[in-house]
Amino acid sequence: MFLALKELRYSKGRFLMISLIIVLISWLVFFLAGLGNGLSDLGAATLKYADVDYAVYEEKSDFTFSKSMISESIADDLLKEDGVKAVAPFGTASASIRNAGSDKEAASKVDVLIAGIRPGSFMEPKVTSGTALKETDSLGVIADDSLKAEGFKLGDDLTISGSNEKMKIVGFTKNQTLSHQPVVFTSLDKFRDYKYAAPGSDNGIKDVVNSIMVQGKDSDPEKIAQDVENIEVGTKKEVINAVPGYAAENGTITMMLGFLIVISAIVIAVFFYILTNQKTQQFGVMKAIGGSNWFVIKSVISQVFILSVISILVGVGLTYATAAILPDSMPFNLVNSLVISYSLILLAISVVSSFFSVLKIAKIDPLTALGRVE
């Protein structure tokens, strides 16, 4: 380690160039990871961050809200199943809203997803401002705080295009989007009054909802599907992947990151190999005066480790600095778990890439390296 630090201080320019490459690669990896997670949140944040283990849908609906219609009363049957701790009926409906106090002709409409929930259930998000939903307040809704950028604020009365239903914003929450739309949470009665206002649109199902979310890690989804007629039970992962467009978007970003990491490994390996080649004579001298292969290899790996840690930390800092100046409308969410996991991956790639240099060092003959001709 001492030799590695001394050489890093002595040859600053040479190592600075390699550090710059690792910094740029780290910056790109973290930025793409943040964008990918932001897009993922736009598609399914409401489900991703909900404390849900399983979800119950109408049979053959492919875990899709728009295809599923079941009775809220099924929730009582689910609570009788072994391992089920809590249930939360859930319904969604697309809508266009505007401020009721604005000029009807001039005001712009905003597309949202109305989510019907039981006030106080585990599907109700925590409010960042305002109050939670109340059973006694039929008009109150909690809205995603991205609607603030559209001019909405606490206490605003809302109208829904094509409907006589009224709503009032009583609270804001954050990071609640589904199908790339901000979510507005309301009571199940208000949701049904809007979505199934047309006679017969509920197919005669009493207290219709689209799904019932289930908490219960120890419950058996196959047994639940057998015990309750005409339903299908999906895991949280299956339900999220069934959100239209989510799997395709997530797969694309994941593939891009995968290719980037593979290319990064090759670039870093080539740079360290070239650096080792340039120091062949130096390593030969070290071996000639008694330095073992392990002593030289340990010095090289220490240099790679130190350079990589510093460069990755700089890359993380640059990513957060970039995120600070991004517009609010850009989907970017770099969570700590992503930073830690990708940092470890990049560090491992750098160290493993240095193994090619290690093989080169092990084969160095001190006499040949010093230029002696037999």
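Side notes on the structure shown:
- Of all residue pairs spaced 6 or more apart or on separate chains, those with beta-carbon atoms under 6 Å, a first member in the stretch 51-76 that is over 10 Å from residue 210 (Cβ atoms) and a second member that is open to solvent by 30 Å² or more (accessible area, probe 1.4 Å) and assigned to a loop (DSSP other than H, G, I, E, B) are 51/122; 53/217; 59/230; 71/205; 71/206; 71/207; 72/207.
- Residue identified as modelled with pLDDT of 80 or more and more than 30 Å from residue 331 (Cβ to Cβ) among 282, 303, 278: 303
- In the stretch 36-55, residue farthest from residue 87 (Cα to Cα) [restricted to those that are open to solvent by 30 Å² or more (accessible area, probe 1.4 Å) and in a helix (DSSP H, G or I)]: 39
- Consider the stretch 240-260 and keep the residues that are touching a Ser or Thr at 6+ places or on another chain (Cβ under 8 Å) and in a helix (DSSP H, G or I). The one that is nearest to residue 51 (Cα to Cα) is 246.
- Per-region count, the stretch 78-104, residues among the hydrophobic types (A, V, I, L, M, F, W, C), crowded, with 19+ Cβ neighbours inside 10 Å and within 19 Å of residue 125 (Cβ to Cβ): 6
- Scan of the stretch 62-77 for residues that are out of contact with any strand residue (DSSP E or B) (no Cβ under 7 Å at 6 or more places or on another chain) and either in a loop (DSSP other than H, G, I, E, B) or open to solvent by less than 30 Å² (accessible area, probe 1.4 Å) (or both), ordered by number: 62, 64, 73
- The stretch 133-160 residues that are without any contact (Cβ under 8 Å) to a residue 60 or more places away in the chain, paired with ones that are surrounded by fewer than 15 Cβ atoms within 10 Å (Cβ to Cβ) and assigned to a helix (DSSP H, G or I) (beta carbon under 8 Å, 6 or more apart): 138/189
- Selected residue (criterion: nearest to the chain's Cα centre (by Cα)) from residues of the stretch 277-300 that are of a type in the set (A, V, I, L, M, F, W, C) and under 13 Å from residue 362 (Cα atoms): 300
- Among residues of the stretch 105-121 being part of a loop (DSSP other than H, G, I, E, B), open to solvent by 50 Å² or more (accessible area, probe 1.4 Å) and out of contact with any helix residue (DSSP H, G or I) (no Cβ under 9 Å at 6 or more places or on another chain), the one that is modelled with the highest pLDDT is 120.
- Hits in the stretch 131-148 - residues which are within 17 Å of residue 97 (Cβ to Cβ), at pLDDT 90 or above and out of contact with any Pro (no Cβ under 9 Å at 6 or more places or on another chain): 139, 141, 148
- Test for residue 189: is it open to solvent by less than 80 Å² (accessible area, probe 1.4 Å) and charged (D, E, K, R): no
- Subset tally (residues that are in a helix (DSSP H, G or I) and loosely packed, with under 15 Cβ neighbours inside 10 Å) for the stretch 310-339: 8
- Failed condition for residue 171, given (1) at pLDDT 95 or above; (2) in contact with a Lys or Arg (Cβ under 8 Å, 6 or more places away or on another chain); (3) of a type outside the set (Ser, Thr, Tyr); (4) over 26 Å from residue 70 (Cβ atoms): (2)
- All of 182, 125 fail the test of being assigned to a strand (DSSP E or B) and either in contact (Cβ under 8 Å) with a residue 60 or more places away in the chain or surrounded by fewer than 16 Cβ atoms within 10 Å (Cβ to Cβ) (or both), apart from 182.
- Under the condition of being of a type in the set (Val, Ile, Thr) and without any contact (Cβ under 8 Å) to a residue 12 or more places away in the chain, the residues counted in the stretch 278-322 number 1.
The values are calculated or read from the model by the stated rules, or taken from the named source; none is laboratory data. Note that this is a predicted model, so its numbers are computed, not measured. Neighbour counts run over all protein chains shown; Cβ positions are idealised from the backbone, glycine included. Side chains included, ligands, DNA and RNA excluded: accessible areas come from the protein's heavy atoms. Shrake-Rupley method; radii C 1.70, N 1.55, O 1.52, S 1.80 Å.
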